[in-house]
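Below you'll find the structure, written out as C-alpha cells, and then a few comments.
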Amino acid sequence: MSSTNVHLPLVINWHLTEACNFHCRYCYAKWDRSGSPRDLVRSGPKRGALLKAIHDYFRPDNPCNPLHDQLTWDGLRLNLAGGEPLLYQQELPELLAQALQVGFDTSIITNGHVLSETSIARIAPLLSWLGLSVDSHNEDTNRIIGRADARGRVITSPNLIRIAKAARNANPNLRIKLNTVVNRLNYRESLAPLLDSIAPDKWKVLRVLPVVTDDLSISHSQFESFVASHYAYRTIMTVEDNSAMTESYIMLDPFGRFFQNSVAPKQGYQYSDPILDAGIDQAFDQIKFNAIRFQSRYGSQAPTGGAR
Ligand code: SF4
C-alpha cells in the first residue's frame with residue numbers, strides 16, 4: 001500500500017476507566033474485565049512504562065512501526081477518555097506531566113460535570129485540547145439520554161459555557177472541542193445556541209454506534225438530517241457515521257490493552273494482550289486497524305471542508 005501523508009498527530013486514545021458519574025444509555029465504555037484487573041492509571045510506575053512504550057512505538061521517527069507502510073504522521077497526541085477521566089482528578093496532573101515529558105501532545109474528553117475552577121486551573125495548562133461531550137441543551141433530554149448523575153443532576157449549558165471560558169483563561173493556547181453523539185433523542189435538535197456561545201475550535205458529530213447496545217440508534221438519513229441542519233457550522237464540524245468509526249481509532253482500555261470495535265458481523269470489542277505483558281509489537285499486531293478509514297476521518301468534514 002502506498003503511504004498517505006497525515007500532517008497531523010497520530011492520536012492514541014486511552015480510556016482510563018469504565019467508571020462514570022453519568023449513565024448514558026448508548027455508552028460504549030464497557031470492557032471485559034475478567035480477572036477484575038485494576039485500572040492501570042492508578043499505578044504511577046506502570047502508567048509511566050505504558051506511556052513510554054506507546055510513545056517509542058508510535059513516534060513518527062520510529063521506522064519499525066508497521067503503520068509507516070501506510071501512513072505518515074508528524075506528531076503524537078495522547079487523548080484521555082473514559083468513562084469519565086476526571087474521576088481520576090488526583091492522578092491527572094501527574095499523568096499529563098508524564099505524557100508531556102515523554103513527548104506526547106495531550107488532550108482529554110470529559111462530560112465536564114465534576115470540573116471545578118480548581119481542577120480546570122490544574123489541568124488546562126497541561127492540555128492542548130479540551131473536549132467536552134454535549135448532546136443536548138435541553139435538561140430533560142439529557143436526563144432521558146442518561147447524561148445525568150444518580151441524583152438526576154445534569155450539566156447545564158451555562159455550566160458548559162463557564163467551563164470553556166475558565167479553561168481558555170487558564171490556558172490561552174487551549175483549543176476547545178465539542179463532541180456530540182447524535183441519537184434518537186436529539187437528532188431533531190439545534191445545538192446552534194450552545195455552539196455560538198462556546199465557539200469551539202472543532203465540533204465532532206458522531207452517529208450513535210451500536211457496538212455495545214442498539215438503544216437510541218438512528219438511521220443514516222436521520223443522522224444526515226442533523227448534519228444538514230447544522231450546515232452553518234461546517235467549517236468546524238467533523239462528521240463520523242458508523243462506518244467511519246469502525247477500526248479507525250487506536251484505543252487502549254483501562255487495563256493497558258489495545259481494543260478495537262466492530263459492529264458487523266458481531267457487535268463488541270476485540271482485545272490484545274496487555275501491552276506491558278506481551279510487548280507493544282505483539283499487542284498491536286493482535287488487533288485490526290484500518291489505516292484508510294483512519295485517513296478518511298481526517299477528510300470527513302461536512303461539504304466545503306474546514307479547520308481541523
Ligand atoms: S458521559 Fe461518556 S462515559 Fe459517561 S456514561 Fe455518558 S457516554 Fe459513557
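The values are calculated or read from the model by the stated rules, or taken from the named source; none is laboratory data. These figures come from a predicted structure and were not determined experimentally. Backbone-built Cβ (ideal geometry, glycine too); neighbour counts: all protein chains shown. To get the accessible areas, we keep the full protein, side chains included, count just its heavy atoms, and leave off ligands, DNA and RNA. Shrake-Rupley method; radii C 1.70, N 1.55, O 1.52, S 1.80 Å.
Here are some notes:
- Note on residue 214 and residue 32: the model spin-label points, each 7 Å out from Cα along the C-beta direction, lie 2.3 nm apart.
- The range 23-37 - phi-based ³J(HN,Hα) in whole Hz, Karplus 6.51/-1.76/1.60, Gly and Pro as x: 9, 4, 5, 9, 3, 9, 7, 9, 10, 5, 10, 4, x, 6, x
- The range 142-245: C-alpha gyration tensor shape, a/c 1.5 cut-off, then a/b vs b/c: oblate
- Cross-link partners of residue 165 among aspartates and glutamates (Cα-Cα below 12 Å; sequence separation of 8 or more within a chain): 117
- Based on DSSP H segments of at least four residues, each scored -39500 (n - 2.57), the chain has a per-residue ellipticity at 222 nm of -8000 deg cm²/dmol.
- Cα gyration tensor shape for the range 4-297, rounded if a/c is under 1.5, else prolate or oblate: rounded
- Carbon plus sulfur fraction of accessible area for the chain, probe 1.4 Å, in percent: 51
- Between the range 237-297 and the range 150-211, the alpha-carbon center distance in angstrom: 25
- Ranked from largest, the principal axis spans of the Cα set of the range 15-121 equal 41, 35, 26 Å.
- Taking every protein chain into account, the accessible area of the range 4-297 amounts to 42 square angstrom per residue (probe 1.4 Å).
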